[in-house]
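Have a look at the structure below before the remarks.
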Amino acid sequence: MFLRSSRPYSEKRQANKGSSKRKSRGENMIGVGKIKQYSNVLDKPLSKGKQEVSLSAFAFLFSELVQYNQTQVDNIAELERRLEDAGYAVGARVLELLCHRDKGNRRETRLLGILSFVHSTVWKVLFGKVADSLEKGTEHEDEYMISEKELLVNRFISIPKDMGTFNCGAFVAGIVRGVLDSAGFPAVVTAHFVPVEGQQRPRTTILIKFAEEVLRREARLG
Amino acid sequence: MCMSHQDSIALKLSLIDSEKKRFPMAAIYSLYIINKSGGLIFYKDYGSAGRMDTNDSLRVASLWHSMHVISQQLSPTTGCSGIELLEADTFDLHCFQSLTGTKFFVVCEPGTQHMESLLKDIYELYTDYVLKNPFYEMEMPIRCELFDINLSQAVQKDRVAMLGR
């Protein structure tokens with residue numbers, strides 16, 4: 001984080017020189033007050049980032065995103081597509097960031113690898129917890145499902161009855177599609193409500209349907 | 001035979017305790033939420049004592065809104081923010097006004113305790129499940145499933161807590 005100090009420049013240089021002398025004497029001290037100035041913004045290290053963000057702030061921002069898109073479209077399918085596109089942009093960037101931060105620039109080449117990456121790492125970073133479950137579809141070979149009791153983005157949203165099966169989780173489906181696409185696993189990802197008996201609120205399932213080429217490649221890799 | 005002073009006090013206290021056991025602590029009759037212009041946006045009744053048909057509930061809401069505003073003008077003290085409690089023979093009315101002018105009021109049995117904190121909890125539920133819902137239009141009637149579910153839970157918890165006291 002770049003902090004601007006109010007001390008005059010000459011004073012600061014002397015302070016730095018003094019502390020560097022201390023360092024060379026063998027004291028392995030990380031000075032809390034030391035501020036390293038970077039001449040080029042690209043040289044600054046990528047920060048770990050804030051671990052916590054206000055849920056209310058996100059909820060209001062997401063609510064405004066949905067409302068804005070509602071004014072631009074005529075029907076629900078279009079609204080879902082727009083939310084998915086917004087999520088796609090997030091997903092592509094999240095993959096880059098997480099590959100740098102968490103995985104030490106390793107690249108996933110196997111299907112199960114990338115799926116568990118999405119299921120644990122991406123979910124942990126975005127929503128603070130790993131997803132509830134990851135399942136393989138029984139009917140088709142190319143379908144996988146990530147289930148969640150309630151998506152974080154849907155926490156405060158009640159869908160009106162006249163909107164049918166619309167799910168604001170389309171945003172999360174877009175994020176997953178962005179991650180998979182940028183990692184080289186093109187897929188069609190959708191979000192569905194799955195009713196559960198004994199509970200008022202339905203579960204949410206993110207359905208991932210991989211493209212043909214992914215399955216062929218996977219079969220070739222053995 | 002005459003009782004000592006302590007004995008008579010003990011007898012009175014035991015009579016009050018047994019009365020309390022026969023008549024448990026009071027319950028809510030109905031809950032109203034009105035927007036800043038006085039229109040009713042949410043109405044729920046609990047039990048037949050508070051039940052009202054739609055037109056009557058709308059009338060009561062606008063009536064209360066007008067009284068609330070008039071009371072602010074009539075108050076002998078400066079800086080009055082309106083009626084907070086109305087005590088009558090057969091009911092109590094507790095009112096909570098948010099900073100934006102949205103009023104939450106509950107009609108309950110006389111002597112019900114802790115309505116203020118319940119109203120504040122309901123206000124929190126309103127800010128969470130109504131205001132963060134993108135499909136809710138401001139100042140319009142509340143039709144949010146999550147708000148209804150959580151409201152029932154909050155009222156139920158309050159009822160259980162009251163019976164426990």
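Throughout, read-outs are computed from the coordinates displayed, never taken from laboratory work. All figures in this text were calculated on a predicted structure; none of them were measured in a lab. FYI the Cβ positions are ideal-geometry reconstructions off the backbone, even for glycines, and counts take in every protein chain you see.
What pairs from A:Lys50/B:Lys120; A:Lys124/B:Lys157; A:Lys149/A:Lys209 go past 25 Å between their alpha carbons?
Exceeds cut-off: A:Lys50/B:Lys120; A:Lys124/B:Lys157.
Taking H as built 1.01 Å from N, whose amide H comes closer than 5 Å to the amide H of A:Phe185, not counting residues under 5 places away?
none
Tell me, what HN-Hα J-couplings in whole Hz come from the Karplus equation 6.51 cos²θ - 1.76 cosθ + 1.60 at θ = phi - 60° for each residue of region B:57-73, using x for Gly and Pro?
5, 5, 5, 4, 4, 5, 4, 5, 4, 5, 4, 4, 5, 4, 4, 5, 6
Decide, for region A:56-221, between rounded, prolate and oblate: order the square roots of the alpha carbon gyration tensor eigenvalues as a ≥ b ≥ c, take rounded if a/c falls under 1.5, and otherwise choose prolate if a/b is larger than b/c, else oblate.
Prolate, since a/c reaches 1.5 and a/b exceeds b/c.
Could you work out the equivalent-ellipsoid semi-axes for region B:27-164, taking the square root of 5 times each eigenvalue of the Cα gyration tensor, largest first, in whole Å?
Working through the eigenvalues yields semi-axes of 22, 20, 15 Å.
Normalising by the residue count of region B:77-165, find the relative contact order in percent from Cα pairs under 8 Å and 6+ residues apart.
Computed value for region B:77-165: 18 percent relative contact order.
Mind listing the long-range amide H neighbours of B:Tyr29? Cut-off is under 5 Å, sequence gap 5 or more, other chains count too, H placed in the peptide plane at 1.01 Å from N.
B:Val107, B:Cys108, B:Glu109
Counting other Cβ atoms within 10 Å, which trypsin sites (Lys or Arg not before Pro) in region A:84-164 have at most 11 and lie in a DSSP loop?
A:Arg106, A:Arg107, A:Lys129
If you put +1 on each Lys and Arg Cβ and -1 on each Asp and Glu Cβ, how big is the dipole of region A:56-221 around its Cα centre, in Debye rounded to 20?
I would put it at about 660 debye.
Determine, for B:Thr90, A:Thr121, the number of other Cβ atoms within 10 Å of each Cβ, and report the residues in order from fewest to most.
Ordered by Cβ neighbours within 10 Å, fewest first: B:Thr90, A:Thr121.
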